[in-house]
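None of the figures in this text is laboratory data; all of them are computed from the coordinates on show. Bear in mind that the values here come from a model prediction, so they are computed numbers and not experimental data. So basically every Cβ, Gly included, is an ideal-geometry build from the backbone, and we count neighbours across all protein chains shown.
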Protein chains: 2
Amino acid sequence: MSAASCSAAVGRPRAFDKQTALEKALEVFWIKGFDGASLSDLTSAMGINKPSMYSAFGNKEQLFLQAIEFYENRPCSFFKPALEQPTAYKVAEAMLLGAAKNMSDSTHPQGCVMVQGALACSEAAAGVKEELIKRRQQSQEKVQARFELAIEQGDLPKSADPAALARYLNTIIQGISIQASSGATEAQLNEVAQLALASFPRG
Amino acid sequence: MSAASCSAAVGRPRAFDKQTALEKALEVFWIKGFDGASLSDLTSAMGINKPSMYSAFGNKEQLFLQAIEFYENRPCSFFKPALEQPTAYKVAEAMLLGAAKNMSDSTHPQGCVMVQGALACSEAAAGVKEELIKRRQQSQEKVQARFELAIEQGDLPKSADPAALARYLNTIIQGISIQASSGATEAQLNEVAQLALASFPRG
DNA sequence: TGATTTTTGTACTAAAGAGTAAATAACCCT
DNA sequence: AGGGTTATTTACTCTTTAGTACAAAAATCA
């Protein structure tokens, strides 16, 4: 009988939409990083006061963690669909072209918040930095598992090294993130993606 | 009659070595980024008090700029020697293997301070972020110029696109920086470098 | 209507941030 | 030795930081 999913609210109802506020917070963290985003930056973007933020999300660190959780699962993410492509080559292609398009997209901040949210940072951000590293690692492992499957299925040669290929792909995507956050265009990033694909083994 | 180069000091002599202090400051910025490095972090690593820092370096931003100026010109930099390799392929190889070795080297912080010093940051860091972007762009242009020379010299095909190749190389190096700062080993990064080299055109 | 519960706005706290004033200390030059 | 100059130390400024106390407001429940 958990009441979690029940929206029958007792007490004064929340005056803001939690999801919308979270998306606004994500945008601030994306642009400024964990250290660079102050609570004033966050709450003013979210359109709420500090006590509302603390009561809804916990604290700055938990707000960040919830923001990146949403980021990884949001509909426009290119990562998960790419994994479902039928061959390893097509997975790599979808990832790289998806990264090129998505990270340079000007409808949201450029680059990848999983990379730039907390890279070199203060001790206060050590926890979120570790979480980002863990999640990037997990992404890489998913790609590796997909490539291992591809070897079984015969669309990657048996001689291929799935771990190395996954790291290679991740490295280029992370490089594309830096390029995008420095102002590179989708066209420029597509050229990079094409060059990177040239050394990707095909079935 | 500029007295700049003259070391004949009048007044009380500085009690610390400016260069050593600058290297300590670089290390702090490298690990924590501009936003994450506080003046206390910096001055305690430098072994001096704040007024000594301000009188020797100006302010936090100028300290950062002087630190990255040293970083780019320090003897163990792999970038400039790589540019002097005799062919474009060898330039790319020296860059990638140099990046893999250098950025994972545990005698200093991992990754590249030109990337992680100020990526997503506060407004206070906007100036240093722009400076880092500018310098990364300049590095890329130097590589591009080197590849244009290689086409002239015949060790890159006339059909090669020097700008795209330079961006490709830079992207991978920046990706390697992220990987290194997340704990990747030199061996792992070498594998990435080898895969990246596979799609690099040879004369 | 009144009791209960939760959110909201304002105002606050304590700590840390960058940067500075001013007195003292250590050197050179005469 | 004494004057000029620069560095160092201590103690301070003012602002911003993350986080919170508390009273008023807005809903449900009885």
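General observations
- Annotation: average projected area of the stretch B:119-159 is 3.5 square nanometres, based on the convex hull of Cα atoms across all directions.
- Helix B:162-181 and the longest principal axis of the Cα set of chain B meet at an angle near 50°.
- Shielding by partners, peptide B:186-195 (average Cβ within 10 angstrom, other chains): 4
- Cβ neighbours within 10 Å from other chains - mean over A:108-121: 5
- Compactness of the protein assembly as shown as Cα Rg over 2.2 N^0.38 Å, two decimals: 1.08
- Residue-span extension gain [residue A:90 to residue A:17] - 0.36 nm each, minus C-alpha spacing: 22.4 nm
- Amide H within-cut-off set for residue A:117, under 5 Å, with H built and near neighbours excluded: none
- In this assembly of identical copies, the label point of residue B:15 (Cα plus 7 Å along Cα-to-Cβ) is separated from its counterparts by 5.6 nm, sorted shortest first.
- Rounded to the nearest 20, the size of the Cβ-charge dipole of the protein assembly as shown about its Cα centre is 520 debye, with Lys and Arg at +1 and Asp and Glu at -1.
- Kirkwood Rh and Cα Rg combined as Rg/Rh, the stretch B:127-203: 1.04
- Each copy carries a label point for residue B:153 at 7 Å from Cα toward Cβ; from one copy, the others' points are 4.5 nm away, ordered from shortest.
- Greater than 21 Å apart at Cα, pairs in B:24/B:80; A:18/A:60; A:80/B:101; B:90/B:158; A:90/A:129: B:24/B:80; A:80/B:101; A:90/A:129
- Candidates B:74, B:136, B:14, ranked by Gaussian network fluctuation over chain B, Cα under 10 Å, top entry: B:14
- Degrees, to the nearest 10: A:60-73 long Cα axis against longest axis of chain A: 40
- Helix B:18-36 axis, angle to chain B major axis (alpha carbon atoms, nearest 10°): 70
- Kirkwood hydrodynamic radius of the stretch A:69-203, from inverse mean 1/r over distinct Cα pairs, in Å: 15.3
- Placing a label point 7 Å from the Cα of residue A:84 along the Cα-to-Cβ direction, the distances to the matching points in the other copies come to 5.4 nm, shortest first.
- Take the Cβ atoms of residue B:185 and residue A:10, set R0 to 45 Å, and the FRET efficiency comes out at 0.25.
- For chain B, the mean residue ellipticity at 222 nm estimated from helices alone is -21500 deg cm²/dmol, where every DSSP H run of n ≥ 4 contributes -39500 (n - 2.57) and the total is divided by all residues, rounded to the nearest 500.
- Max mean-square fluctuation residue, GNM over chain B, Cα-Cα springs under 10 Å, options B:96, B:39, B:119: B:39
- Mean silhouette area of the stretch B:1-154, derived from the convex hull of its C-alpha atoms and averaged over all directions, reads 11.9 nm².
- Counting only Cα atoms, the size of the stretch B:18-72 along its three principal axes is 25, 19, 17 Å, in decreasing order.
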